[in-house]
Amino acid sequence: MIELYNGGAYLVRGRDIVPDDMDAPRSIRGMVGRDVSRDDARKGTMAHSILMSHNTGTEEDLMIKFDSMAVHDITSVSIVLTARASGMKRFPMPFVMTNCHNSMCAIGGTINEDDHVFALSAAKKYGGIFVSPNIAVIHSFMREMMAGCGRMILSSDSHTRYGALGTLATGEGGGELVKQLVGRTYDLKYPEVVAVCLTGKPNKGVGPHDVALSIIGEVFKNGYVKNKVMEFVGDGISSLSVDFRCGVDVMTTETACWSSIWRTDDAVREWFEIHGRPDAYREIAPADVAYYDGLILVDLSKIEPVIAMPFHPSNVYKISEMRRNARDIIRETEERAVLPAGSQCPEFKLTPKIRGGDFFVDQAVICGCSGGTYENIMAAAAILGGNSIGSSTFPMSVYPGSQPIYAEILKNGAAHRLMQAGAVLHPAFCGPCFGAGEIPSNGGLSIRHTTRNFPNREGSKPGEGQISSVALMDARSIAATALNGGRLTSAADLDADYACPKFFFDRGIYEKRVYDGSGRPDEGVSLTFGPNIKDWPEVPELTEHLLVRIVCYITDPVTTTDEIIPSGETSSYRSNPLMMAEFTFGRKDPGYLARAKEVQSLERKRAAGIAPPELGEIYGRIKRISGYESIRPDEIGIGSTIYANKPGDGSAREQAASCQRMLGASANLAREYATKRYRSNLLNWGIIPFLAEDPSSFELGDCIFFPNIRRAILDGEETIAGYLLREKTSKITTHLGTLTDTERQILADGCLINYYKNKMREEGVS
């Protein structure tokens, strides 16, 4: 079904795979009639040509400028405020502000709509594009209106993937978008590229989520594509509609890859023609010989409908296997579950869902950038049309990804068939994907065609005794399960007619509700601030010496951004940095907030010229370290840090870093960082991303002294010595990994905003 190659491989003429071994040069010479070096073949990938066309740096150290960018309404305000503080005068490229995350979350009075009004004023002032609430989710709009073959797009949402449309796209924290807004570049080492070679054709009842989740299940845990580009090739692509391809593509984020790109063909050409943008198409394909650093071979004909059990998209099982071995799989799921600390955290149990030998779920949702596509909704309507999901407690909701999709299913009758079956239709909204809507009852299990099923993504609060969970499934099997009253059912077991009418795109829907001021800024417009919209507070620069205390110690294999800064109702406060910080680690480590604030109070005393008496013993230990006897307490900055094995999986939200910084964090300690975007967020907020291999070296409450840390960072050192200040002081070694000169200066300046302020001061810009 899915095979991972152990080493690199060549792809010849887009179809023939040649493993990278001693015989490869001879084999390739026989196939194409010439010698091709590995270095030349590396340049034959689609990713290489697109990256180089946007690169202003070297082939090894890329400095990328994107064609357009997008944000949504839990990131737009903070990004605009950061860019404004960094000297931005206008949006230098098409900048799209959608409103699909906080458009239905009513907590906090007027503050959500205040953010929307602010974003509209920013679009007018700086020359941007404003998509009104409920009109489209961010990725549906960007596919329909902004993607194009050979383009590159940057967004503040982690599921920024438009590879099926020939666009190399990625999601990052707000700091990386700000760099583009002030004319700087997105810097990274040239990424490895892994081929995903698709063969065959999916069987009836198999949908894009089945393919995507099957791949995720094979590659996430072993890191096969982490921070790499997934390049989709092979004859199997031609058997997939563009909607199907987009559905697979958007889920590549959950593999931990950096980006994705697909071979394009006449189906993509037709897609752009339907959407009124034929000029956005051009053929993209690998060269006749392309070298890949890895290869994933996927036989689409052997993919079965699957379910990803809580609490990660990689916990994948075939539905047929689930039907046969439900008790064993549920026991594994229960044992694997890692929930927040706290006396009220309930036991996670799914065993009661087994009734009469069958596994039952409590709710169904088809939603957002992955589920709310035209063909997914049409497939669900094909299964449910003329039937009923019943009038019991099992609900089903459908959220089309955009108003044009909604309009089309209204015109062709699919919406009516879904409603007749008992499904509820909603406007475009991302909420159910991150816990801001459709929350099951306590103990409930929701099946969803959405992107994630981390803890709390359905909105429960385990630390307060409330727990529900999400399993991911394709829209087809969700509809099949709904048809059976919640009894887990594979769409492959049904004989539905999936004939799908051609999609007609009504561009006029956007023309009437989308403000497009791209390239036409109006400096006379004033930004409209609501009472919850606050500028970033002052952030101090890095001191020469640093003392950090570990205020959160996590030994879980992976820590998600949801666990660092929860989604759901907290999203309403993301325009208020200090208010948002109050939620940091709230569902993972309830004691973090008090411990971090205690350390922050020590730094405030030091900054005011008062040596904190609480640290007398610690200062005494520092003075006993040879060579540092004369260092004064006022020369040693004080900050908090966390230790986690692998923090930062999941969302691109910069608040996972900025909220720590608002509470006085100076560093993170980790074995590795789950994603490039989380590490970038730390750097842009002046948080030092230390690598430390042995978690047993540290304990909660430990203090670590890093002498001459500022000088070491600016001098380009990668290995940083510190001192663990226990009763017996010991020397430790940490690493910074590769940092650019700019990133080192950002750390020294304290954050990205300070860096740009200093740059403007140096350049004489007021």
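The values are calculated or read from the model by the stated rules, or taken from the named source; none is laboratory data. The model shown is predicted, which means the values in this text are computed figures rather than measured ones. Every residue, glycine among them, receives a Cβ derived from its backbone with ideal geometry; neighbour counts consider all protein chains shown.
Values for this structure:
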item: Hey, Arg34 at pLDDT below 95 and in a loop (DSSP other than H, G, I, E, B) or not; result: yes
item: One residue from Ala169, Ala195 being closer than 26 Å to Gly57 by Cα, surrounded by 23 or more Cβ atoms within 10 Å (Cβ to Cβ), modelled with pLDDT of 95 or more and more than 19 Å from the chain's Cα centre (by Cα); result: Ala195
item: Conditions (1) in contact with an Asp or Glu (Cβ under 7 Å, 6 or more places away or on another chain); (2) surrounded by 20 or more Cβ atoms within 10 Å (Cβ to Cβ); number of the one not met by Phe95; result: (1)
item: Boolean, Gly57 is touching a residue at least 40 places away in the same chain (Cβ under 8 Å), in contact with a strand residue (DSSP E or B) (Cβ under 8 Å, 6 or more places away or on another chain) and not assigned by TED's automatic domain parsing to the domain that holds Asp741; result: yes
item: Listing of strands (runs of 3 or more DSSP E) fully contained in segment 383-486 that carry 1 or more residues being modelled with pLDDT of 85 or more and among the aromatic types (Phe, Trp, Tyr); result: 396-399
item: Residues satisfying the stated conditions in segment 395-413, i.e. surrounded by fewer than 22 Cβ atoms within 10 Å (Cβ to Cβ) and more than 27 Å from Val361 (Cα to Cα); result: Ala407, Leu410, Lys411, Asn412, Gly413
item: Test result for Asp649, under 36 Å from the mean Cα position of the chain (by Cα) and either outside the structural domain of Thr253 (by TED's automatic domain parsing) or not aromatic (Phe, Trp, Tyr) (or both); result: yes
item: Residue in segment 658-669 that is touching a Lys or Arg at 6+ places or on another chain (Cβ under 6 Å) and part of a strand (DSSP E or B) present; result: no
item: Any hit, segment 53-70, residues being surrounded by fewer than 24 Cβ atoms within 10 Å (Cβ to Cβ) and part of a helix (DSSP H, G or I); result: yes
item: Test: residue in segment 515-526 that is more than 23 Å from the chain's Cα centre (by Cα) and part of a strand (DSSP E or B); result: yes
item: Segment 724-766: number of residues that are closer than 30 Å to Lys89 by Cβ, of a type in the set (Ser, Thr, Tyr) and within 35 Å of the chain's Cα centre (by Cα); result: 4
item: Scan of segment 616-657 for residues that are more than 29 Å from Asn684 (Cβ to Cβ), among the small types (Gly, Ala, Ser) and in a helix (DSSP H, G or I), ordered by number; result: Gly616, Gly620
item: Among (1) among the hydroxyl-bearing types (Ser, Thr, Tyr); (2) modelled with pLDDT of 90 or more; (3) out of contact with any helix residue (DSSP H, G or I) (no Cβ under 7 Å at 6 or more places or on another chain), the one test that Ser626 misses; result: (2)
item: Within segment 233-333, strands (runs of 3 or more DSSP E) holding 1 or more residues that are touching a Cys at 6+ places or on another chain (Cβ under 8 Å) and surrounded by fewer than 23 Cβ atoms within 10 Å (Cβ to Cβ); result: 294-299
item: Residue match in segment 536-552 (condition: assigned to a helix (DSSP H, G or I) and buried (at least 20 other Cβ atoms within 10 Å of the Cβ)); result: no
item: Single residue of segment 360-382 satisfying the filter (buried (at least 23 other Cβ atoms within 10 Å of the Cβ) and assigned to a strand (DSSP E or B)) that is nearest to the chain's Cα centre (by Cα); result: Cys367
item: Options Asp40, Asp23, Asp67; residue that is over 15 Å from Leu295 (Cα atoms) and either modelled with pLDDT under 90 or touching a Cys at 6+ places or on another chain (Cβ under 6 Å) (or both); result: Asp23
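Okay, residues lined up against (1) farther than 17 Å from Met46 by Cβ; (2) touching a residue at least 24 places away in the same chain (Cβ under 8 Å); (3) hydroxyl-bearing (Ser, Thr, Tyr):
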residue: Gly247; (1), (2), (3): yes, yes, no
residue: Cys257; (1), (2), (3): no, yes, no
residue: Tyr281; (1), (2), (3): no, yes, yes
residue: Ile303; (1), (2), (3): yes, yes, no
residue: Met309; (1), (2), (3): yes, yes, no
residue: Arg331; (1), (2), (3): yes, no, no
residue: Phe348; (1), (2), (3): yes, yes, no
